[in-house]
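Trainee: Mind having a look at this structure? Questions to follow.
The values are calculated or read from the model by the stated rules, or taken from the named source; none is laboratory data. Here the structure is a predicted model, which is why all the values come from computation and not from measurement. So basically every Cβ, Gly included, is an ideal-geometry build from the backbone, and we count neighbours across all protein chains shown. Accessible surface is based on the protein model in full, side chains and every heavy atom, while ligands, DNA and RNA are left aside. Shrake-Rupley method; radii C 1.70, N 1.55, O 1.52, S 1.80 Å.
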Amino acid sequence: MPVVPDDARLPDREAVLGQAIPFDRARWISQLPDSTWWPDALEECPQTGRWPRVDRRTVFSIARRADTAEGRRHLLVAALLWGNGTKVRSVRRSARVFQNSTRADLGARLYEALDVLREQGAVAAYRAFNNDQHIPYLGPAFFTKVLYFAGHESAAAHHRPVILDSVVSRALRATGTVEAGWPDNGWTTAQYGRYVAMVHDCAQARGVLPDQVEAALFSYGKRL
């Protein structure tokens, strides 16, 4: 089964890295535990119209510093911010991540899950975030963004982590890649592993990186 339509044009990597999302700086800062959670790199984001915009390239630059406790906090904030846009309701919903865990517990769970990613790979890290290292109100659509930014640039992993959300799932169903009952959220570890493997195989066949396939799926899903 095709992961993306056979006639679909996959975006080049520069286009993927340049995918930019607007954000409301003041609203996000007001939701964080304190100012140390705000990544300085977000201050460099260009403004278009009313809002500054953060792209994948910037979040990757933040993720490269996730070997420290502060760096992991910044990665979490940047991934949530990139995944939400400016809708007030969406920002408040994601901000519950910070309001329903102590800073110590949140930091510890991030550390453990990202350690699993480094040592065991994307699917094991998905299992960790979905089970023992679960962070309240951080669901798969967003923790796969954290995993993606933390691990996709590493060529050492057998399968690089990729984002899975409701839009991507819609595209997977539409192309017949998965069954009609494939869920919009709450995927099992086995389902995520299956998705990652399919995207990896498609990327290899097309001579691209896995996030180019994911970006094509997201674009297709948005049009449905």
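Trainee: Looking only at the range 205-222, which residues are in contact with a helix residue (DSSP H, G or I) (Cβ under 9 Å, 6 or more places away or on another chain) and either among the aromatic types (Phe, Trp, Tyr) or exposed (fewer than 13 other Cβ atoms within 10 Å of the Cβ) (or both)?
Mentor: Matches in the range 205-222: 218, 220, 222.
Trainee: Could you grab the pairs with beta carbons closer than 9 Å, sequence gap of 6+ or different chains, first residue in the range 16-40 and over 20 Å from residue 89 (Cα atoms), second one open to solvent by 40 Å² or more (accessible area, probe 1.4 Å) and aromatic (Phe, Trp, Tyr)?
Mentor: Hits for this filter: 19/218.
Trainee: Do any residues in the range 86-111 that are closer than 20 Å to residue 132 by Cβ have Cβ atoms under 6 Å from those of residues that are in a helix (DSSP H, G or I), where the two are at least six apart or on different chains, and which pairs are they?
Mentor: That search, which allows pairs on different chains as well, returns 107/69; 110/72.
Trainee: Is one or more of the residues making up the range 82-91 open to solvent by 20 Å² or more (accessible area, probe 1.4 Å) and outside any helix (DSSP H, G or I)?
Mentor: Yes; the residues of the range 82-91 include at least one that is open to solvent by 20 Å² or more (accessible area, probe 1.4 Å) and outside any helix (DSSP H, G or I).
Trainee: Looking at the range 166-213, which of its residues are in contact (Cβ under 8 Å) with a residue 60 or more places away in the chain and closer than 25 Å to residue 135 by Cβ?
Mentor: 189, 192, 193, 196, 199, 211
Trainee: Hey, can you tell me all the residues within the range 28-45 that are under 16 Å from residue 18 (Cα atoms) and exposed (fewer than 15 other Cβ atoms within 10 Å of the Cβ)?
Mentor: Result: 44, single match.
Trainee: Conditions: (1) open to solvent by 30 Å² or more (accessible area, probe 1.4 Å); (2) under 30 Å from residue 200 (Cα atoms); (3) of a type in the set (D, E, K, R). Residue 56 meets all but one. Number of the miss?
Mentor: Against the list (1) open to solvent by 30 Å² or more (accessible area, probe 1.4 Å); (2) under 30 Å from residue 200 (Cα atoms); (3) of a type in the set (D, E, K, R), residue 56 comes up short only on (1).
Trainee: Report yes if residue 145 is charged (D, E, K, R), open to solvent by 20 Å² or more (accessible area, probe 1.4 Å) and within 17 Å of residue 84 (Cα to Cα), otherwise no.
Mentor: Judged against the criteria, residue 145 is not a match.
Trainee: Given the condition at positive phi and either surrounded by fewer than 23 Cβ atoms within 10 Å (Cβ to Cβ) or not polar (S, T, N, Q) (or both), answer yes or no: does some residue in the range 125-142 qualify?
Mentor: yes
Trainee: A further question follows. Go through the range 102-123 and give me each residue that's among the β-branched types (Val, Ile, Thr) and in a helix (DSSP H, G or I).
Mentor: Of everything in the range 102-123, those that are among the β-branched types (Val, Ile, Thr) and in a helix (DSSP H, G or I) turn out to be 116, 123.
Trainee: Identify, by number, the condition in (1) modelled with pLDDT of 95 or more; (2) more than 14 Å from the chain's Cα centre (by Cα); (3) surrounded by fewer than 17 Cβ atoms within 10 Å (Cβ to Cβ) that residue 48 doesn't meet.
Mentor: (1)
Trainee: Let me ask something additional. Select from the range 1-30 the residues that are touching a Phe, Trp or Tyr at 6+ places or on another chain (Cβ under 8 Å) and at pLDDT below 95 and list them in ascending order.
Mentor: 4, 5, 8 - these are the residues of the range 1-30 that are touching a Phe, Trp or Tyr at 6+ places or on another chain (Cβ under 8 Å) and at pLDDT below 95.
Trainee: Keeping to the range 150-190, report how many residues are at pLDDT 95 or above, among the polar types (S, T, N, Q) and either closer than 30 Å to residue 67 by Cβ or open to solvent by 40 Å² or more (accessible area, probe 1.4 Å) (or both).
Mentor: Of the residues in the range 150-190, 4 are at pLDDT 95 or above, among the polar types (S, T, N, Q) and either closer than 30 Å to residue 67 by Cβ or open to solvent by 40 Å² or more (accessible area, probe 1.4 Å) (or both).
Trainee: Any chance the range 101-124 includes a residue that's open to solvent by less than 10 Å² (accessible area, probe 1.4 Å) and touching a Gly at 6+ places or on another chain (Cβ under 8 Å)?
Mentor: Yes, the conditions are met somewhere in the range 101-124.
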